[in-house]
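Trainee: Just dropping this structure here.
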Amino acid sequence: MTPEAPPGAALAQILRTLDPHSPQPLYIQLQHALRDAIVQRILSPDEALPSERQLAADLNVSRITVRKAIDGLADEGLLERRQGSGNFVCTRIDKNFSKLTSFSEDMRARGRTPRSQWLKKAAGTVTPEEALKLAMSPGTLVYRFNRLRFADDAPMSIETCTIAAYALPSLDAVGDSLYEALDRAGHRPVRALQRLHALLLSDDQARLLEARPRDAGLLVERLGYLRDGRAIELSQSVYRGDTYDFVAELNAI
């Protein structure tokens, strides 16, 4: 049996893929290498990176190159700078509010393993509130999904979602990712309206999210649309306030 390499050796192997002769700038190569290390879980959440000085010396690059690479990953929400302590892999999740992605896609992009615990799923007809928001006729068939979403083994959100039934072949077509099931069926939303509200976690919400009752939480409401303008998704997700940050890029036009 081949002995397992120490974690530092696996990281060093990835970082040494930098090519000084490549037309791609070294700091971009280093960003890609560090991102791969996070996604492949060679660097785990809350793990410290080697110091900038050490990385520069080990890779024979300038401190400026290392700093630019780390700045880019910090801007993406993958790394966190801690004054006096160094650079760490983020445990909090930065969700880009201006990009329409699923929970599973967000977690995988950050090197986390998404999974779901089903709380309830059922077929039914639209409620008056759902009919109003989804612009559906009374009596229209919908599927409702209620799940507890995890990143690795940490509960991250409680998600309740109503989907137009025509968008999926069956209630059981949804596995870990609703958007992947909608994509396979050709009905993935291409745009959405989202609203963010602050709330205090109820007893039941706190129990599921392994928090304390009345802890700060975030409620995200999403109304997703198909390319032809039809509303297809109405969801509400409750997040622990200490694990999720929502960010959006703003431009003055």
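Every number in this text was worked out from the coordinates using simple rules, so none of it is lab data. Source: prediction; values computed, not measured. Note that we place each Cβ from the backbone using ideal geometry, even for glycine, and neighbour counts take in every protein chain shown.
Trainee: With the Cα gyration tensor of the stretch 35-169 giving a ≥ b ≥ c as the square roots of its eigenvalues, does the rule (a/c under 1.5 for rounded; else a/b larger than b/c for prolate; else oblate) give rounded, prolate or oblate?
Mentor: Prolate is the answer for the stretch 35-169, as a/c is 1.5 or above and a/b outweighs b/c.
Trainee: Amide H neighbours of ALA185 under 5 Å, counting only residues 5+ apart in sequence or on other chains, H built in-plane at 1.01 Å?
Mentor: Amide H neighbours of ALA185: none.
Trainee: Could you work out how far the C-alpha centroid of the stretch 18-87 sits from that of the stretch 205-245, in angstrom?
Mentor: Each part's Cα centre sits 32 Å from the other's.
Trainee: Next question. For the stretch 143-216, state which GluC sites (Glu not before Pro) are in a DSSP loop and have at most 15 other beta carbons lying within 10 Å of their beta carbon.
Mentor: GLU210
Trainee: Just to verify a number: FRET efficiency for THR160 and SER51, C-beta to C-beta distance, R0 = 45 Å, to 0.05?
Mentor: Step by step, r from the Cβ atoms, then E = 0.50.
Trainee: Suppose every K and R has +1 on its Cβ and every D and E has -1 on its Cβ; what is the size of the dipole of the chain about the Cα centre, in Debye to the nearest 20?
Mentor: The calculation lands at about 280 debye.
Trainee: Just to check I understand the Karplus step: with θ = phi - 60° and J = 6.51 cos²θ - 1.76 cosθ + 1.60, what whole-Hz values come out for the stretch 166-177, glycine and proline as x?
Mentor: 5, 7, 10, x, 6, 5, 8, 6, 8, x, 6, 10
Trainee: Between LEU141 and ASP228, what is the spin-label point distance in nm, taking each point 7 Å from the Cα along the Cα→C-beta axis?
Mentor: Label-label distance for LEU141 and ASP228, simple model: 1.8 nm.
Trainee: Give the residues of the stretch 106-139 whose amide nitrogen is closer than 15 Å to a point set 7 Å from the Cα of ALA185 in the direction of its Cβ.
Mentor: So the set is 121-126.
Trainee: Could you work out how much longer the chain between LYS121 and GLU221 gets when fully extended? Use 0.36 nm per residue separation minus the Cα distance between them, nm to one decimal.
Mentor: 34.1 nm
Trainee: Expressed in nm to one decimal, what extension gain is obtained for the pair ASP36 and ARG212 from 0.36 nm per residue of sequence separation less their Cα-Cα distance?
Mentor: Between ASP36 and ARG212, full extension yields 59.9 nm more.
Trainee: Put +1 on the Cβ of every Lys and Arg and -1 on every Asp and Glu Cβ in the stretch 154-253; which of LEU209, PRO155, LEU196 then has its Cα farthest towards the positive end of the dipole?
Mentor: Going by the Cα projections, it comes out as LEU196.
Trainee: Where both partners of a DSSP beta bridge lie in the chain, what percent of those bridges are antiparallel, to the nearest 5?
Mentor: 95 percent
Trainee: What value in Å³ per residue do you get for the convex hull of the alpha-carbon atoms in the stretch 93-247?
Mentor: Cα-based convex hull of the stretch 93-247, divided per residue, equals 109 Å³.
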